[in-house]
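Where a number appears in this text, it was derived from the coordinates with a stated rule and is not lab data. Not measured: the values here are computed from a predicted model. Reconstructed Cβ throughout: ideal geometry from the backbone, glycine too, with neighbour counts over all protein chains shown.
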Amino acid sequence: MEDQTLSAQTPGATTAPHATSDTAASDATLALILTSLEAEKAEDIVQIDLRGKTSMADHMVVCSGRSTRQVSALSEKLAEVLKVQLGRSCKIEGKGAGDWVLLDAGDVIVHVFRPEVREFYQLEKMWQASPSDPASASAAKV
């Protein structure tokens, strides 16, 4: 099965050294994360393709919760879903405060913010492409 996956990759395609060589697995993790966040009523979900920009992950997801309680609940539920469905334990930072929680799911980094904190840090702007480079405009609102 792994040989078939490797042979299906596009010649010359590069992946981040941190990421798995199977972009399908990375994309499946992203899809599971997006589905879970939507089901749990996360707001303003944005996905950013990091491939070719950094080696830390293939994707970044940024979303908001309406309160510190919802931010913490979203991150707890997402970590549980990833553990149950993929057998993957996430590293979680910031859950205690509930203003900004970071989940590291390996190929996908998830940031869950309270709206005011998200506006202050403007993380999406840092990772989005410049307007003069339309080929790398890779953030998409979900």
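Take every Cα-Cα pair in region 20-141 and report what % of them are more than 26 Å apart. Value for region 20-141: 15 percent of Cα pairs lie more than 26 Å apart. Charge tally for LEU37 (other residues, Cβ to Cβ under 11 Å; Lys, Arg +1; Asp, Glu -1): -2. All other residues whose Cβ lies under 14 angstrom from that of LEU102 are scored, Lys and Arg at +1 and Asp and Glu at -1, for a net of 0. Here the relative contact order of region 20-141, from alpha carbon pairs under 8 Å that lie six or more residues apart, stands at 26 percent. Footprinting exposure proxy ranking of LEU74, LEU30, fewest other C-beta atoms within 10 angstrom first, gives LEU30, LEU74.
Working from label points 7 Å from Cα in the Cα-to-Cβ sense, the ARG66 to ALA25 distance is 3.8 nm.
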